[in-house]
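What follows is a single structure, written as structure tokens, with notes after it.
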Amino acid sequence: MEEVDTAGESIGSATVSHDATGVPVIKLSGEIDMSNVDSLRGAIDPVLDVGPARVDFDLSALEFMDSSGIALLLRVAAKTQTVRLLQPSPLVRRLVEATGLSDVLQIVS
């Protein structure tokens, strides 16, 4: 797990696991913004190096995400066939839908 707290700035974490079929599941929690997204990318990049066809993001514990978080998700989408967002908060759901990215970032409740 990569957890970031930069002198009182946002705290966010990324934990990588795999589901029963071997699909990587990345649990994002806390807050993701420009102050910590680079550090979280370090936990996610090794998953992409394997070249999975699908990556699931468990967003059930994600409290906040700005455009830096969206850019991180799009970066993953560019390197895999399918990105699914599991249990996003209403705020994150609105952010994805408002940006018109729900076709690229599939929302699963």
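One residue alone among LEU40, LEU72 is within 17 Å of ILE11 (Cβ to Cβ) and at pLDDT 95 or above, and that residue is LEU72.
The set of residues in region 58-95 being more than 16 Å from ASP33 (Cβ to Cβ) and of a type in the set (Val, Ile, Thr) consists of VAL76, THR80, THR82, VAL83.
Residue check: GLU31 meets all listed conditions (1) crowded, with 17+ Cβ neighbours inside 10 Å; (2) within 10 Å of the chain's Cα centre (by Cα) but one, namely (2).
Regarding THR99, is this residue of a type in the set (S, T, N, Q) and out of contact with any Gly (no Cβ under 9 Å at 6 or more places or on another chain)? For THR99, the condition - of a type in the set (S, T, N, Q) and out of contact with any Gly (no Cβ under 9 Å at 6 or more places or on another chain) - is met. Within region 46-85, being assigned to a helix (DSSP H, G or I) and out of contact with any helix residue (DSSP H, G or I) (no Cβ under 9 Å at 6 or more places or on another chain) holds for PRO46, ASP49, LEU74, ALA77, ALA78. Within region 1-28, if we keep just the residues that are touching a strand residue (DSSP E or B) at 6+ places or on another chain (Cβ under 8 Å), of a type in the set (D, E, K, R) and surrounded by fewer than 15 Cβ atoms within 10 Å (Cβ to Cβ), the residue that is modelled with the lowest pLDDT turns out to be ASP5.
The values are calculated or read from the model by the stated rules, or taken from the named source; none is laboratory data. The shown structure was predicted, so the numbers you read here are calculated from the model rather than taken from an experiment. A quick note on method: Cβ atoms are made from the backbone with ideal geometry, for glycine too, and the neighbour counts reach across all protein chains shown.
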